[in-house]
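What follows is one structure encoded as structure tokens, with my remarks underneath.
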Amino acid sequence: MKKIVLFICDGMGDLPHPSLGGKTPLQEASTPHMDELVSRGQGGIMDVIGPGITPGSDTAHLSLLGYDVKAVYTGRGPFEAAGAGIEILEGDVAFRCNFSTISSDGLVLDRRAGRIREGTKEMASALDGLMLEDIEVIFKAGVEHRGALVFRGPGLSASISDVDPHEIDKPVLVSQATTPEGEKTARILNLFVRKSQEILEEHPINIDREARGKKPANIILPRGGGVVPHILSMRERTGMSVAGVAGVTLVRGVCRAAGIELIHVPGATGGRDTDMMGKAEGAVKALQNHDMVLVNIKAPDTAGHDKEPLDKVAIIECIDKAVGRLLDTIPEGTVVALTADHSTPCSVGGHTGDPVPLAIFAEGNRSDMTKQYDEISCSHGGLGRIVGRELMPIMMNMAGRAEKYGA
Ligand code: ZN
Ligand code: ZN
């Protein structure tokens, strides 16, 4: 049986751009290694969730891993919590949170507490482990003002309204049940918010912040609650042990929820080139003791959101070198798929439902006439136009890992 590498360039799909003479960044970039990959293998395009559907990075990665998104996705909360390092269990209710600033008369002054950067870990540990009625509170700080909250215990539901007013100078909202099942959770959530204010207002970190004229992070505002669904691990679903190389919290959360072992790539701060090269090297290393590796590279998505087509071209050229390193060092016969989780066109500045390019190569498998790796060339390839959920079975078949369907 062969090994599998799934190389996902976040938001790399794009549209023609006037400042690139009507080409996409992939068409404009010089990508000898990506072109070699598709020349030796097959090209195609892919609707990651379905035709015309705009994916988020979380739903897109679930789909690329072969999950039925409608069955396993209940909102961003559970994956954010998993990405923050909380071990989520089926039936938990998980939220994304902000450390925020509230005035003494109860108005939200700053939803990000002055973009707080320090002390959130200490404050989070003052909230982690609280018991509210028979519900256990698990709370972890994330990057900057962000945090993740999990409620664990009997009778929880996500049928509740938000407490975050999403605007400043407004009072914190009281969560209401939207169905009778949500009553307990709404009550616990309101209790948690009050408790967070009581505890954080007195917290030494905030007393110190106020003394230095900084906004205190004196309340937690949770949002986007979701019940943790039953998610079969990748090993249960495919029999493979899977490793993940990813920096983004949300993608890390999807990996953790799917039972994918996250690999730490050291020295991933040495600039764009070394970062991507390090990820390719980390992936090859992880293949030594895993059947499959998923790699996520975030940078193209950021350039798309920032509407920087020239920057995106430069990023793609860096990724191309990493693809070259990967192709040179993977074990003989490895199945390699190169794709994106969605399009983030520089002309739009956000995700769109346009299909993404796909190339799959494995020694001894078919090739087609595709010579260049980009959105347009790949659309003529032998893989045709598939949906994201079909990718895993195609790779599993090429890797000699598919089970016979029928007698
Ligand atoms: Zn993405
Ligand atoms: Zn994005």
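The values are calculated or read from the model by the stated rules, or taken from the named source; none is laboratory data. Small disclaimer: the values here were computed from a predicted structure and weren't measured. Cβ: placed from backbone, ideal geometry, glycine included. Neighbour counts: every protein chain shown. Ligands, DNA and RNA are excluded from the accessible area calculation, which covers all protein heavy atoms including side chains. Shrake-Rupley method; radii C 1.70, N 1.55, O 1.52, S 1.80 Å.
What number of residues within segment 230-244 are buried (at least 16 other Cβ atoms within 10 Å of the Cβ) and closer than 22 Å to Glu80 by Cβ?
5
Scan (1) in contact (Cβ under 8 Å) with a residue 60 or more places away in the chain; (2) more than 16 Å from ligand 2 (Cβ to nearest atom); (3) in the same structural domain as Asp311 (by TED's automatic domain parsing) for the single condition Ile8 breaks and write down its number.
Failing condition for Ile8: (2).
Taking segment 387-402, which residues are assigned to a helix (DSSP H, G or I) and either among the charged types (D, E, K, R) or open to solvent by 40 Å² or more (accessible area, probe 1.4 Å) (or both)? Steps first, please.
From segment 387-402, those assigned to a helix (DSSP H, G or I) are 388-398; that's our starting set.
Answer for segment 387-402, where residues must be assigned to a helix (DSSP H, G or I) and either among the charged types (D, E, K, R) or open to solvent by 40 Å² or more (accessible area, probe 1.4 Å) (or both): Arg389, Glu390, Pro393, Ile394, Asn397.
I'd like the full set of residues that are open to solvent by 80 Å² or more (accessible area, probe 1.4 Å) and in contact with a Lys or Arg (Cβ under 9 Å, 6 or more places away or on another chain), limited to segment 155-209.
Of everything in segment 155-209, those that are open to solvent by 80 Å² or more (accessible area, probe 1.4 Å) and in contact with a Lys or Arg (Cβ under 9 Å, 6 or more places away or on another chain) turn out to be His166, Glu167, Ile168.
Out of the residues in segment 342-364 that are of a type in the set (Val, Ile, Thr) and closer than 18 Å to Lys312 by Cα, state the one that is farthest from ligand 1 (Cβ to nearest atom).
So in segment 342-364, the residues of a type in the set (Val, Ile, Thr) come out as 344, 348, 352, 356, 360.
Subset that is closer than 18 Å to Lys312 by Cα: 344, 348, 352, 356.
Details: Thr344: 7, Val348: 14, Thr352: 12, Val356: 10 Å.
Looking at residues that are of a type in the set (Val, Ile, Thr) and closer than 18 Å to Lys312 by Cα, I get Val348.
When you look at Asp311, is it surrounded by fewer than 17 Cβ atoms within 10 Å (Cβ to Cβ) and in a helix (DSSP H, G or I), yes or no? I'd like the intermediate steps shown before the answer.
Working: surrounded by fewer than 17 Cβ atoms within 10 Å (Cβ to Cβ): no; in a helix (DSSP H, G or I): yes.
Judged against the criteria, Asp311 is not a match.
How many of the residues making up segment 24-56 are within 16 Å of ligand 1 (Cβ to nearest atom), closer than 21 Å to Met392 by Cβ, in contact with a His (Cβ under 8 Å, 6 or more places away or on another chain) and of a type outside the set (A, V, I, L, M, F, W, C)?
2
Just the residues that are outside any helix (DSSP H, G or I) and either more than 16 Å from the chain's Cα centre (by Cα) or among the β-branched types (Val, Ile, Thr) (or both), please, taken from segment 234-261.
Looking only at segment 234-261, we keep the residues that are outside any helix (DSSP H, G or I), and these are 239-248, 258-261.
If the condition is that a residue be outside any helix (DSSP H, G or I) and either more than 16 Å from the chain's Cα centre (by Cα) or among the β-branched types (Val, Ile, Thr) (or both), then Gly239, Met240, Ser241, Val242, Val245, Val248, Ile260 are the ones that fit.
With (1) within 16 Å of ligand 1 (Cβ to nearest atom); (2) open to solvent by less than 10 Å² (accessible area, probe 1.4 Å) as the list, and Tyr373 as the residue in question, which single condition is left unmet?
With (1) within 16 Å of ligand 1 (Cβ to nearest atom); (2) open to solvent by less than 10 Å² (accessible area, probe 1.4 Å) applied to Tyr373, the lone miss is (1).
If I filter segment 289-305 down to residues being modelled with pLDDT of 95 or more and in a loop (DSSP other than H, G, I, E, B), which single residue comes out as farthest from ligand 2 (Cβ to nearest atom)?
Among those that are modelled with pLDDT of 95 or more and in a loop (DSSP other than H, G, I, E, B), it is Asn289.
When you go through Ile49, Ile45, Ile88 one by one, which is the residue that is open to solvent by 10 Å² or more (accessible area, probe 1.4 Å), in contact with a Pro (Cβ under 7 Å, 6 or more places away or on another chain), among the aliphatic types (A, V, I, L, M) and modelled with pLDDT under 95? Let's see the steps before the verdict.
Values: Ile49 fails: modelled with pLDDT under 95; Ile45 fails: modelled with pLDDT under 95.
Only one candidate passes the filter, namely Ile88.
So is Gly350 within 12 Å of ligand 2 (Cβ to nearest atom), surrounded by fewer than 20 Cβ atoms within 10 Å (Cβ to Cβ) and among the small types (Gly, Ala, Ser) or not? Talk me through it step by step, then tell me what you get.
On the way: within 12 Å of ligand 2 (Cβ to nearest atom): yes; surrounded by fewer than 20 Cβ atoms within 10 Å (Cβ to Cβ): yes; among the small types (Gly, Ala, Ser): yes.
Yes.
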